[in-house]
Amino acid sequence: MPEKPIKGEKRYFMTGNEVVAYAAVMANAEIMYGYPITPQNEIMHYWTRMAPKYGKEFLQTEDELSAGFTTVGGVLAGRRAFTATAGPGNTLMQEPISMAEAMRLPIVVVVQQRGGPSTATVIYSQQEVTLTTLGGNGEGFRVVYSTANHQELFDYTIKAFNTAWKYRFPTFVLGDGYQAKMRESLTMYDPEERGLKMVPTEAYVGKPGVPGIDRPPGQYRNTYNVEEEIHEVVQQYTKEFNAIAPEVAEYESFGTEDADLVIVSHGVVYRAVKEAVSELREAGMKVGYFRPITLRPLAEKELKEMAGRAKALLMAESSVGQMTRLVKEVIYGATADIHTLYKPGMGISAEDVAARVRSIL
Amino acid sequence: MSVQVAMPKSWRVDTKPHKFCPGCGHGLVLKAMGEAIDELGIQGKVVYGCDIGCSLLSWDLFNVDTIQTHHGRTTPVITGVKRANPQVIGIAYMGDGGGYAIGSQHLVNAAARNERITVILVNNTQYGMTGGQMAPTTMPGQKTETSPYGRDPEKTGYPTQGPEMVAAITREGAYVARATVAKPKQMKDFIKKALENQISGGGFSFVEVLSTCPTNWRTNAEDTWNFVEKEMPKYFKVGEIKVPETLHKEGK
């Protein structure tokens with residue numbers, strides 16, 4: 001059995017869902033649990049085609065509750081396990097994700113956002129930001145990477161497994177229907193050949209030896225009897241999450257030092273923003289951009305500094321301010337004017353962004 | 001002088017006495033399960049999952065690897081573990097609310113997929129942990145907190161026939177039975193077979209156990225026993241429903 005589908009580095013032209021499936025195989029993921037929902041289906045399609053060739057497993061479950069909880073079971077057994085979902089499936093998956101948060105289980109979830117609320121469209125949106133970063137009955141102890149292109153889908157799917165297993169917080173790759181279905185060029189590679197070591201996995205249950213005789217039993221719970229108990233647990237998690245935040249948080253920025261206006265965006269919208277900014281700069285306008293790669297945790301320090309300097313901010317996103325709410329919380333106190341370009345459930349083009357900027361400046 | 005009460009070897013001594021109410025049937029079921037684990041010598045292989053509801057009180061009861069999950073979600077968690085590591089013996093332990101209401105889709109589909117896990121479902125005809133509400137298994141006419149005038153089957157249907165349903169949707173190789181805490185020897189025998197069937201790779205194994213809840217039934221010892229021994233079997237027939245050829249039928 002060949003170990004991996006890709007040797008060395010190679011250029012490919014394929015859909016984002018296919019990229020995610022390849023990335024999971026290249027990251028040595030061992031088992032995927034999933035339930036059909038558009039626009040993430042092809043992740044399962046490509047995974048199931050590759051699975052028997054590379055010794056991988058797949059289980060199609062009865063719903064996303066089950067897909068999430070079986071993924072939880074998979075990581076408890078010590079396997080690099082993942083699932084993928086979207087929209088209403090993401091809603092259902094918040095229950096198992098909250099259990100993973102409570103028990104610090106390193107599940108990896110790929111979300112390909114579709115329109116909302118409810119069934120809405122199967123095409124595209126950025127409306128699952130709130131749900132993915134802060135969903136469930138908890139405090140949002142999770143890492144969320146918002147990708148913008150196929151190269152990032154590949155890179156960050158691999159990275160998600162390492163982040164999850166290193167820090168033991170549920171980790172997400174937040175894509176969208178455009179990224180899922182569009183074909184694009186990227187370089188795929190074997191992370192090990194690049195010196196990128198996969199963080200080793202570890203079983204929580206089913207380890208060698210008889211519990212109580214050779215070792216203590218592994219007993220994991222998410223239920224507590226008294227207020228003080230859960231308070232202490234959440235305080236501890238908060239401390240640990242805040243401590244890792246600066247090294248986990250990622251962002252990209254350009255021209256923010258001298259900008260009259262900085263455009264904040266994430267995911268695929270950032271591509272339109274980047275193009276617009278370069279165009280506007282060429283036209284002599286002092287415009288910059290700030291793009292959080294991690295939506296949770298955010299690059300707080302850098303966002304604060306940027307917002308403290310900027311005269312005005314333009315928030316561009318395909319939702320009614322889901323990213324903006326996260327950013328506003330971090331930059332509280334900044335005096336920059338906040339302008340918005342919200343197109344819920346719709347794509348945003350470089351022309352949209354440039355036109356909005358010209359209407360402000 | 002301390003008296004050492006006889007308990008299964010696979011139980012965790014330092015977490016005893018267990019956390020269940022006086023008169024609760026869970027202790028009897030879990031003792032039978034502990035003895036079955038002892039006799040099969042699988043303490044080092046079992047991954048035990050318990051649901052939400054009173055069953056969660058067993059999260060540290062055994063000296064076996066244990067996961068306390070969410071309401072109704074123990075079946076998929078143990079399925080996920082078993083799929084990822086087929087070497088373990090997966091036990092999903094739940095109540096009738098977890099198995100037949102909020103987690104019924106998981107039970108049905110795990111059974112239909114013939115997952116190699118063992119599901120033990122304790123039926124005490126109501127939701128115990130939340131204070132005695134009507135469950136899918138509440139008997140016709142039975143008073144609960146949400147059927148204070150007695151369950152009216154015209155409005156809320158008849159009690160769920162769990163093992164009969166599981167037997168109907170599983171193929172040869174599955175093990176399906178209904179036991180009762182009123183017959184402890186038989187109960188242990190059924191639970192043991194449900195584990196043996198998983199060990200041999202037979203298929204989905206399911207045992208419902210009729211059990212007691214004097215706290216929410218508001219019954220004394222005599223009435224409690226009368227309900228589980230006489231009343232419940234009128235609807236819930238005790239015995240084996242589906243036995244793989246590799247396992248011997250009871251009493252043969």
The condition of being more than 28 Å from A:Ser118 (Cα to Cα) and not assigned by TED's automatic domain parsing to the domain that holds A:Thr83 holds, among A:Glu30, A:Glu3, only for A:Glu3
Any chance the stretch A:63-86 includes a residue that's open to solvent by 10 Å² or more (accessible area, probe 1.4 Å) and of a type in the set (Val, Ile, Thr)? no
Out of (1) part of a helix (DSSP H, G or I); (2) open to solvent by less than 20 Å² (accessible area, probe 1.4 Å); (3) touching a helix residue (DSSP H, G or I) at 6+ places or on another chain (Cβ under 8 Å), what's the single condition that is false for A:Ala51? (3)
Can you find a residue that is in the same structural domain as A:Ala21 (by TED's automatic domain parsing), closer than 15 Å to B:His71 by Cα and hydroxyl-bearing (Ser, Thr, Tyr) anywhere in the stretch A:114-123? no
Please name all residue pairs, on different chains or six or more residues apart, with Cβ atoms under 9 Å, provided the first residue is in the stretch A:204-218 and is at the interface with chain B (Cβ under 7 Å from one of its Cβ atoms) and closer than 18 Å to B:Leu61 by Cβ and the second residue is of a type in the set (Asp, Glu) and assigned to a loop (DSSP other than H, G, I, E, B). A:Pro217/B:Asp60
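Please find, among A:Thr163, A:Thr187, A:Thr223, A:Thr157, the residue that is of a type in the set (Ser, Thr, Tyr), within 14 Å of chain B (Cβ to nearest Cβ) and either farther than 21 Å from B:Thr69 by Cβ or part of a loop (DSSP other than H, G, I, E, B) (or both).
Details: A:Thr163 fails: within 14 Å of chain B (Cβ to nearest Cβ); A:Thr187 fails: within 14 Å of chain B (Cβ to nearest Cβ); A:Thr157 fails: within 14 Å of chain B (Cβ to nearest Cβ).
After applying the criteria, what remains is A:Thr223.
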Scan the stretch B:1-56 residue by residue and report those that are assigned to a helix (DSSP H, G or I), open to solvent by 10 Å² or more (accessible area, probe 1.4 Å) and under 21 Å from B:Gln87 (Cβ atoms). B:Asp38, B:Glu39, B:Leu40
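Among the residues of the stretch A:159-183, which ones are open to solvent by 30 Å² or more (accessible area, probe 1.4 Å) and at negative phi?
The answer is A:Lys159, A:Lys166, A:Tyr167, A:Tyr178, A:Lys181, A:Met182, A:Arg183.
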Checked against (1) in contact (Cβ under 8 Å) with a residue 40 or more places away in the chain; (2) open to solvent by 40 Å² or more (accessible area, probe 1.4 Å); (3) not aliphatic (A, V, I, L, M), B:Phe204 satisfies every condition except (2)
Would the stretch B:178-186 turn up any residue that is of a type in the set (S, T, N, Q) and over 18 Å from B:Gln142 (Cβ atoms)? yes
Residue check for A:Arg194: surrounded by fewer than 14 Cβ atoms within 10 Å (Cβ to Cβ), under 30 Å from A:Gly347 (Cα atoms) and not hydrophobic (A, V, I, L, M, F, W, C): no
Mind telling me which of the residues A:Glu228, A:Glu257, A:Glu240, A:Glu232 ends up being over 27 Å from B:Arg73 (Cβ atoms), of a type in the set (Asp, Glu) and away from every other protein chain (no Cβ under 13 Å)? A:Glu257
Would you list the strands (runs of 3 or more DSSP E) that sit entirely within the stretch A:236-312 and hold 1 or more residues that are surrounded by fewer than 17 Cβ atoms within 10 Å (Cβ to Cβ)? A:251-254
Condition set hydrophobic (A, V, I, L, M, F, W, C) and within 7 Å of chain A (Cβ to nearest Cβ), scope the stretch B:75-99, selection farthest from the chain's Cα centre (by Cα): answer is B:Ala84
Considering only residues of the stretch A:321-361 that are open to solvent by 30 Å² or more (accessible area, probe 1.4 Å) and of a type in the set (A, V, I, L, M, F, W, C), which is farthest from A:Tyr124 (Cα to Cα)? A:Ala334
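Being under 20 Å from A:Thr238 (Cα atoms), modelled with pLDDT of 95 or more and open to solvent by 10 Å² or more (accessible area, probe 1.4 Å) is the requirement here; does A:Thr130 meet it? Working first, answer last.
Working: under 20 Å from A:Thr238 (Cα atoms): yes; modelled with pLDDT of 95 or more: yes; open to solvent by 10 Å² or more (accessible area, probe 1.4 Å): yes.
The answer is yes for A:Thr130.
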Which pairs turn up if I take residues in the stretch B:106-131 that are aromatic (Phe, Trp, Tyr) and look for partners that are open to solvent by less than 30 Å² (accessible area, probe 1.4 Å) and assigned to a strand (DSSP E or B) with beta carbon separation below 7 Å, at least 6 apart in sequence or on another chain? none
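The values are calculated or read from the model by the stated rules, or taken from the named source; none is laboratory data. All figures in this text were calculated on a predicted structure; none of them were measured in a lab. Don't worry about glycine lacking a Cβ; one is built from the backbone with ideal geometry, like all the others, and counts go over all protein chains shown. All accessible areas refer to the heavy atoms of the entire protein, side chains included, with ligands and DNA or RNA removed. Shrake-Rupley method; radii C 1.70, N 1.55, O 1.52, S 1.80 Å.
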